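Input: a single structure, listed below in structure tokens.
The values are calculated or read from the model by the stated rules, or taken from the named source; none is laboratory data. All figures in this text were calculated on a predicted structure; none of them were measured in a lab. Here Cβ is always computed from backbone atoms with ideal geometry, including for glycine, and neighbour counts include all displayed protein chains.
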Amino acid sequence: MKKKGDALLVIFSVSAGTLLFLAACKPSGEKTMQDIMRQGSDSTVSDSAELRSRTKKIRSVFYTMPSALEVTQLLKESGARYSVGYPSDPLNLDKYTTTKGQALNLGIYASDLSYAGIYNQKEDAMLYLKCAGKLSNELGIPNAFGKGTVSRIESNMGNEDSLLNIITEIYWNTDSYLKNNDRQQVSALIVAGGWVEGLFLALQMAHNSTNNQNLISRVAEQKLSLNNLIGLLSTYPADESLKNTLAQLLKIQEAYRDISIEDTKTKISTDSAKNTTTIGGNETVNLSPEQLKKLTDITDSVRNHFATDY
């Protein structure tokens with residue numbers, strides 16, 4: 001199970017999925033995401049209180065996601081298979097000409113990259129890598145997906161722990177660059193696009209797998225990370241592009257409203273009269289089929305809104 005204090009950013013799509021997922025242990029020669037995130041925190045010492053608050057909110061989003069190890073186990077248990085129909089359409093790439101559309105869809109394609117990489121779909125992963133690289137260049141983010149990064153991703157295809165660590169490192173380096181150039185709004189849009197794509201992928205896999213109760217539980221728990229994400233975007237009240245994005249996220253928050261999460265030691269049980277499933281462990285999640293359908297439909301709508309934001 002995950003250790004909340006040790007997580008690294010990855011994709012909720014793949015954990016699922018998601019994001020953006022978090023991994024804990026790395027080989028001794030590599031930086032862990034914990035190291036990178038600590039550096040990000042240290043770098044804010046001289047920043048304003050507002051910037052420190054935003055950094056804290058970003059970290060909160062990622063810390064409430066499952067670990068890469070847990071994601072892989074969840075996918076194996078659920079029997080979820082890779083589908084070429086889930087990720088966003090690469091043919092839309094050249095349509096993204098606005099900063100907002102480019103940022104949102106950079107997050108989306110980065111999540112799709114992780115999804116394909118976890119399943120060792122090298123051809124698809126490299127396609128989404130190309131999409132993410134082009135959008136990062138359009139946004140004026142230098143070297144986010146340079147030759148060295150591409151080589152590292154290629155050599156770690158199928159190694160979900162290292163792959164997600166690389167993608168996470170790319171994100172934090174990108175976030176640092178944007179912050180230093182007073183472009184944190186762009187970073188927030190990237191996070192929003194990646195988070196929504198992750199949730200979308202997770203829901204698709206949950207609906208198309210047989211042993212999906214634990215996966216559905218993780219979907220429900222993203223109610224917490226969504227609250228943190230909304231809190232992050234709410235710190236930019238004067239930014240019109242973020243206002244629209246925030247309005248879309250609030251639709252998903254409304255779908256989560258009646259999904260309850262309580263601390264408990266209870267194991268999985270089903271109430272046929274109420275048509276609900278309670279999933280235990282450290283928490284109890286009450287999520288009915290009707291609530292799941294509502295969440296799926298609204299997430300699909302928001303994701304399509306982002307993916308067609310040209």
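Scanning the stretch 191-220 for residues that are among the β-branched types (V, I, T) and either farther than 17 Å from G107 by Cβ or outside any helix (DSSP H, G or I) (or both) yields T210, I216, V219. Scanning the stretch 110-163 for residues that are touching an Asp or Glu at 6+ places or on another chain (Cβ under 6 Å) and not aromatic (F, W, Y), we see that the one that is nearest to N181 (Cα to Cα) is S111. The residue list E169, E197, E154 contains one member that is surrounded by fewer than 18 Cβ atoms within 10 Å (Cβ to Cβ) and among the charged types (D, E, K, R), which is E154.
Among the candidates A247, A255, A188, which residue alone is modelled with pLDDT of 85 or more and surrounded by 24 or more Cβ atoms within 10 Å (Cβ to Cβ)? That would be A188, the only listed residue that is modelled with pLDDT of 85 or more and surrounded by 24 or more Cβ atoms within 10 Å (Cβ to Cβ). Consider the stretch 82-120 and keep the residues that are assigned to a loop (DSSP other than H, G, I, E, B) and at pLDDT below 90. The one that is nearest to the chain's Cα centre (by Cα) is Y119. Any residue that is touching a Lys or Arg at 6+ places or on another chain (Cβ under 9 Å), crowded, with 18+ Cβ neighbours inside 10 Å and not charged (D, E, K, R) - is there at least one of those in the stretch 214-227? The answer is no; no qualifying residue exists.
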